[in-house]
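This report refers to the structure that appears directly beneath it.
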Amino acid sequence: MASTLKVPGSLWALLFTLSGLLVHGQNLSWRDFVKQHHLSTNWAFSKYQCNHLMRERGIPKDKNYHVFIYTLWHRIVHICMRNWRDHHRNIYIWVPYPFKILKCIRKNSKSNYKDYKSYSYIEFHCSMHGFVDGIEDTRLLEDIST
């Protein structure tokens with residue numbers, strides 16, 4: 001009887017561990033998120049171009065589009081903070097203020113991208129660790145493409 005109880009218990013422990021790896025394995029760390037999506041305000045927003053950024057940042061070519069955010073990096077890091085010591089965890093948050101974004105949409109050629117610049121509201125995902133790990137959705141406020 002004791003040996004039959006050990007097997008299901010071991011299986012549950014193994015499944016629990018694997019499910020945790022699957023959930024956390026899909027999330028970017030906040031540093032990786034900032035590296036992949038942040039545009040420094042040290043340059044003028046008009047200077048950024050998708051073709052160069054997509055190559056420089058090593059964004060996977062199988063994506064149809066990618067969003068870059070032009071803001072101070074600490075504004076991204078603080079999105080999931082509830083207060084100075086507590087973080088939102090595993091939820092989606094619409095930020096109440098718009099960001100300048102550069103959305104790079106792949107053209108017919110796999111190596112060329114079209115630039116779409118806008119002021120948009122962004123819905124972020126906060127990871128289990130309490131930091132931004134993804135962009136879920138955007139809502140256009142104003143198109144500023146030239």
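What the table below lists for this structure:
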item	result
Heavy-atom accessible area order for Arg85, Arg31, Arg57, largest first, 1.4 Å probe	Arg85, Arg31, Arg57
Computed log₁₀ I(q)/I(0) - Debye formula, equal Cα scatterers, no solvent, the stretch 39-146, q 0.23, 0.24 Å⁻¹	-1.30, -1.35
Gained length - Ser46 relative to Asn83, 0.36 nm times residue gap less alpha-carbon distance	9.9 nm
Extension gain, His74 back to Arg55 (0.36 nm per residue minus Cα-Cα distance, nm)	4.4 nm
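The values are calculated or read from the model by the stated rules, or taken from the named source; none is laboratory data. Note that this is a predicted model, so its numbers are computed, not measured. Side chains included, ligands, DNA and RNA excluded: accessible areas come from the protein's heavy atoms. Shrake-Rupley method; radii C 1.70, N 1.55, O 1.52, S 1.80 Å.
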